[in-house]
Amino acid sequence: MEVIELKHPLVEHKLAILRDKNTGTKEFRELVSELSTMLCYEAMKEADIYETEIETPMTKMKVKKVNEDNYVFVPILRAGTGMLDGIIKLIPNAKIGHVGMYRDENTFKPNVYYFKVPKDISKKEVLVLDPMLATGGSGIDAINLLKEKGVKKIKFVCIISAPEGIKKMQEIHPDVQIYTASIDKKLNENAYIVPGLGDAGDRIFGTK
């Protein structure tokens, strides 16, 4: 699967403010939400639609709609929840699952502490949400858990990504399409994305 990197002046503009270390918590949250909306718009461009009939103030007509019940959004805790507001504005009736992970500061590997998804998730299309695709560990583990539940259609949506994380994700989950607002240069020795934006969770929740 190819990686879809959004290329748009508004995306570049919002990313520039998001990356700035002087951007405050409130504005950072708003920008994450706005960029997530744009990413969801792109990720849903091939969504299944069905035809139905409505009545406008003028006449009856055939229209096409998305079956919102077919979709589940799964943010990776905690930072992924910062993307939810911007996405559920587009698909408000989608179901929400959660994967809780934390990164071991020595090994940089994720540890799973929480996993709860809708019972019928195997029949749904799932968008996994995480602002950062760095080493790829958290995303890969989350997708592993979803595949164990029988999920066949999965997309990974992130704001910033590193080439190392993309490569690892594609090696282990070649069937999962990645949507990102930016592919950055590299990971540093502490597995942070460069130039990146720092720790997304800390900046979203004001714990930096």
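Here, each number is a calculation from the coordinates, and none is a lab measurement. From a predicted model like this one, the values you see are computed outputs, not experimental measurements. Virtual Cβ from ideal backbone geometry, glycine too; neighbours counted across all protein chains shown.
Odds and ends about this structure:
- Measuring between alpha carbons in the structure, the pairs from K7/K89; K45/K149; K26/K124; K7/K168; K116/K152; K65/K185 lying more than 29 angstrom apart are K26/K124; K65/K185.
- Convex hull volume per residue for region 114-181, taking Cα atoms only, in Å³: 77 Å³
- Annotation: the antiparallel percentage among DSSP beta bridges lying fully within region 96-208 is about 40.
- In nm, spacing of pseudo-spin labels at K208 and N70 (7 Å Cα→C-beta vector): 3.9 nm
- For the chain: relative contact order, % (alpha-carbon pairs under 8 angstrom, 6 or more apart): 24 percent
- Most to least packed among 41-50, 75-84 [average Cβ atoms within 10 Å]: 75-84, 41-50
- Order of D85, D141 - criterion: other Cβ atoms within 10 Å of each residue's Cβ, fewest first: D85, D141
- Only beta bridges with both residues in the chain are counted; by DSSP, about 40 percent of them are antiparallel.
- Taking every C-alpha pair closer than 8 Å and separated by at least 6 residues, the mean separation divided by the residue count of region 17-139 gives a relative contact order of 24 percent.
- Highest-first packing order for the peptide set 166-174, 142-150 is 142-150, 166-174, based on the mean count of other beta carbon atoms within 10 Å.
- Here, P(r) means the percent of Cα pairs in each 5 Å bin from 0 to the largest distance; for the chain it is 1, 7, 16, 20, 20, 15, 9, 5, 3, 2, 1, 0, 0.
- Inter-probe distance in nm under a simple model that places probes 7 Å from Cα toward Cβ, at K89 and K60: 3.6 nm
- Segment T52-E2, length gained on full extension (0.36 nm per residue, minus Cα span): 14.7 nm
- Label-to-label distance for N106 and N144 is 2.0 nm, based on points extended 7 Å past Cα in the beta-carbon direction.
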